[in-house]
Structures are given as C-alpha cells and as structure tokens.
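Structure record follows, encoded as structure tokens.
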Amino acid sequence: MNLQKTLLAAFAAGIFTIGAGHAQEPKPAVVVYATGGTIAGASKSNTDTTTYKAASLGVQALLEAVPELAQVAKVSGEQIANVGSNAIDQAILLRLAHAINIRLAEPSVHGAVVTHGTDTLEETAFFLDLTTASPKPVVVVGSMRPATAISADGPMNLLQAVTLAASKDAENRGVLIALNDRIGSAYYTTKTNTTAVDTFRATEQGYLGMFIGTVPKFYYSAATPVHKPHFNVEGVNSFPKVSIVYMHEDQDNEQIEAAIRAGAKGIVIAGTGNGSVPPDVKKRILELTEQGFPVVRSTRTGSGFATKKMEGIGSGALNPQKSRILLMLALSQSSDLPTIRRYFEE
Ligand code: ASP
C-alpha cells in the first residue's frame, strides 16, 4: 500500500478525525460532458507528460477515478466526443452547446462541467460562453498531466470543477475555466504555456477567484464581460469558414488570397502590435472592407487591446483564436459589415 492509501485508510478507521459530521442534504445535480484531452490521457510511464495518448479514458472511468465527486454533487456523465482538443470541430462545439442548453433548462439540473484538452480549451469555453443561455454554472476543465502521471492534476481539477458547478456562487458569471486551483472567465482566459500546470491566465483581467482546497472563493460578486453578445444556435448545423492569417515582417497577401479562394467568409489577422500589418496588406484589407468582406485585426502579442480600424475591424480584447469564434458566430447571423463591426468594436 502506498503512503497516500495508508493515510486515507487511517482516517477512515477513525485514527484521525477531521471536523464534525454533516447532516446529509440532497446534492445538486451536475452533468459532466467529456470530450477527451489529457485529462483522459494515459501512458505506460508515470513520468511521461508529453508523449502519452490523450483521450484514452471514457467519461465513466474519469468519474470513477474521483469517488469524492459524490460528496459534492449528484454527478452524471455524457460522452460528447473522445479526442485530443486539436480535433475539436464545429460539429462537436454545436453538440456541446445544444446538449448543455437542453439539460440546464431542466429545473433539477444545477450545473454543467466540460472536460476538454487544454490546447483549444479556451476556444470551446469562449464558444460556450457566447452560445449557452442559462445563468447556471458551466465550467470547462482539463489537465496538463495525463491520468497515469505522478502528481496527475486531472482528479483535483475535476473535483474542483464539479464543486464549482454545484455552487450557487458560480451562477451568473458566464462560462468559467477551472484549472490549477484558479477560476478564470472563459471570455478572457487563454493558454500561455505549452507544458506548465499554471498555463491558463488572463494577463490583463486576472482570475475571478481560486479554490481553497476544493472550496471556490470568488474575489468579486457575479458579473459578466462588458458587451458580451449572445448567439442562439438552436437549429444551427454549421458555421461559415473563418481563417486566421499570421503577420510578420515582409508578409504579403498570398495567404489572404488563398483563404478567400478556399471559401473563407471572413479573415482574422494575427497582427503585429496593435493589429498592424505591412503596407500592401493594409491596402488589400481596405479593398476587402470596401467590398463588405470582414477582416478582423487582432494581435499576436498575447495581450492588450486591438483598437478600432478604418481598414478592417479592431478585435478589442479578443486574441486571434477567440476573434475567429466570434466572427464565425457573427457571420452565422448576418453578413452586414456594420453589424459585424459592432460585435467587436462596441
Ligand atoms: N494535446 C492535448 C489536448 O489538447 C493537451 C491537453 O489536453 O493538455 O487534447
């Protein structure tokens, strides 16, 4: 028996006692939607944190690995997909949004948790933030180490996420991201490091709160991002294609033209600095703007505001990958450029 199991057995046998007993109350119902990722990943080696196989475990295995979940919520699981988050596509996003909207409309369901790979977690979380309608908590969670690793972070992250989704305090805050003891807003939070467990941050806006053990502590009362739009995706089956084009010194228009030829209905620029682009690219963006074709200018810097633009649209506080999601959703409602501009620049 390892040290952890020995100590837990000692607590269970009453050798140590923690606090007073609690009267049993009915637990809030939380639905866990599993999509795969490292949190469901496994490897032959317990020190392998880079070459493991993501999405190896199903939702039941994830839940059974954390029996403590039953102490905080009545948990049920649903497998939406089982993929690395590099393979999350529009169909999976829509399945998730539809499923969450239906279940959270049931009075008996208190909250939802989505388990997800961390690479594109912020995109799914942002998409759900703009497309789920309920004030009830929706928490997106992942892990940086697979389930088989020494100090795997997945079980604690999952327990914290379910505790958060079961909490009244988490209502009316939009979709939340819970990893590494921190609670972030899905609207602003981004992945900032390829391998470290403290990778999810919102550089400017900060965290909304943290966990003390498993107990969520918010720093502020409930609020949602200024001018956050909502999109009703009921009945929507697909979205127009939006491409991201990365800027650098000496960049030309080749990738913009290729994106348009491939069917893009909008383009997001990962601009240098405050959405800036080389002079020829600027000229081309002006032509496209005059034709009513949306080009959103974001920044490759990792943080800050891309301000209003004459040529194209300023992305505001949204990074390129979040801008792509918003432009895709905006285009699904309207192709009118002034309307699309308002979603970003208001
Ligand atoms: N490649 C994994 C994924 O995004 C990484 C992770 O989950 O941390 O699915």
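The values are calculated or read from the model by the stated rules, or taken from the named source; none is laboratory data. Quantities reported herein were computed from a predicted structural model and do not represent experimental measurements. Methodologically, a virtual Cβ is constructed for each residue, glycine included, from the backbone with ideal geometry; neighbour enumeration extends over all protein chains shown.
Name the single residue, out of those in region 32-51 being crowded, with 17+ Cβ neighbours inside 10 Å and among the polar types (S, T, N, Q), that is farthest from the ligand (Cβ to nearest atom). Among them, the one singled out is Ser43. Scanning region 189-202 for residues that are in contact with a Ser or Thr (Cβ under 7 Å, 6 or more places away or on another chain) and either under 14 Å from Phe126 (Cα atoms) or surrounded by 14 or more Cβ atoms within 10 Å (Cβ to Cβ) (or both) yields Lys191, Thr192, Thr199, Phe200, Arg201, Ala202.
If you check Leu57, Leu69, which single one turns out to be surrounded by 13 or more Cβ atoms within 10 Å (Cβ to Cβ), within 16 Å of the ligand (Cβ to nearest atom) and either modelled with pLDDT of 95 or more or of a type outside the set (Lys, Arg) (or both)?
Working: Leu69 fails: within 16 Å of the ligand (Cβ to nearest atom).
When all the criteria are applied, what remains is Leu57.
Checked against the criterion of being touching an Asp or Glu at 6+ places or on another chain (Cβ under 8 Å), more than 18 Å from Leu93 (Cβ to Cβ), in contact (Cβ under 8 Å) with a residue 24 or more places away in the chain and loosely packed, with under 13 Cβ neighbours inside 10 Å, the candidates His248, His227 yield just one match: His227.
Evaluate the following for His116: is it within 19 Å of Thr163 (Cα to Cα), within 16 Å of the ligand (Cβ to nearest atom) and not hydrophobic (A, V, I, L, M, F, W, C)?
Values: within 19 Å of Thr163 (Cα to Cα): yes; within 16 Å of the ligand (Cβ to nearest atom): yes; not hydrophobic (A, V, I, L, M, F, W, C): yes.
Spelling it out, His116 is indeed within 19 Å of Thr163 (Cα to Cα), within 16 Å of the ligand (Cβ to nearest atom) and not hydrophobic (A, V, I, L, M, F, W, C).
Could you tell me whether any residue of region 132-154 is touching a His at 6+ places or on another chain (Cβ under 9 Å) and free of Cβ contacts under 8 Å to residues at least 12 places away in the same chain? No, region 132-154 contains no residue that is touching a His at 6+ places or on another chain (Cβ under 9 Å) and free of Cβ contacts under 8 Å to residues at least 12 places away in the same chain. Considering the conditions (1) assigned to a loop (DSSP other than H, G, I, E, B); (2) away from the ligand (no atom under 16 Å from the Cβ); (3) exposed (fewer than 10 other Cβ atoms within 10 Å of the Cβ); (4) modelled with pLDDT of 55 or more, Gly14 is excluded by exactly one of them, (4).
If a residue must be hydrophobic (A, V, I, L, M, F, W, C) and part of a strand (DSSP E or B), how many such residues does region 222-250 contain? Can you show your working first?
Narrowing region 222-250 to residues hydrophobic (A, V, I, L, M, F, W, C): 222-223, 226, 231, 233, 236, 239, 242, 244-245, 247.
Now narrow it down to the ones that are part of a strand (DSSP E or B): 242, 244-245.
Residues in region 222-250 being hydrophobic (A, V, I, L, M, F, W, C) and part of a strand (DSSP E or B): 3 in total.
Pairing each residue of region 263-280 that is touching a residue at least 60 places away in the same chain (Cβ under 8 Å) with any residue that is in a loop (DSSP other than H, G, I, E, B) and basic (Lys, Arg), provided the two are 6+ apart or on different chains, yields C-beta distances under 7 Å for Lys265/Lys241.
In region 92-188, which strands (runs of 3 or more DSSP E) lie fully inside it and hold 2 or more residues that are surrounded by fewer than 23 Cβ atoms within 10 Å (Cβ to Cβ)?
Numbers: elements: 109-115, 138-141, 176-179, 182-185.
So the answer is 109-115.
Scan region 74-83 and tell me whether some residue there is touching a residue at least 60 places away in the same chain (Cβ under 8 Å), within 19 Å of Met156 (Cβ to Cβ), away from the ligand (no atom under 13 Å from the Cβ) and of a type in the set (A, V, I, L, M, F, W, C). Checked region 74-83: at least one residue is touching a residue at least 60 places away in the same chain (Cβ under 8 Å), within 19 Å of Met156 (Cβ to Cβ), away from the ligand (no atom under 13 Å from the Cβ) and of a type in the set (A, V, I, L, M, F, W, C). In region 23-71, what residues are of a type in the set (Ser, Thr, Tyr), part of a loop (DSSP other than H, G, I, E, B) and touching a Ser or Thr at 6+ places or on another chain (Cβ under 9 Å)? Passing the criteria: Ser43, Ser45, Thr49, Thr50, Thr51, Tyr52, Ser56. Take Ile150 and tell me if it is closer than 26 Å to Ser243 by Cα and β-branched (Val, Ile, Thr). Against the criterion (closer than 26 Å to Ser243 by Cα and β-branched (Val, Ile, Thr)), Ile150 does not qualify. All of (1) in contact (Cβ under 8 Å) with a residue 24 or more places away in the chain; (2) surrounded by fewer than 24 Cβ atoms within 10 Å (Cβ to Cβ); (3) within 16 Å of the ligand (Cβ to nearest atom) hold for Asp89 with one exception: (1).
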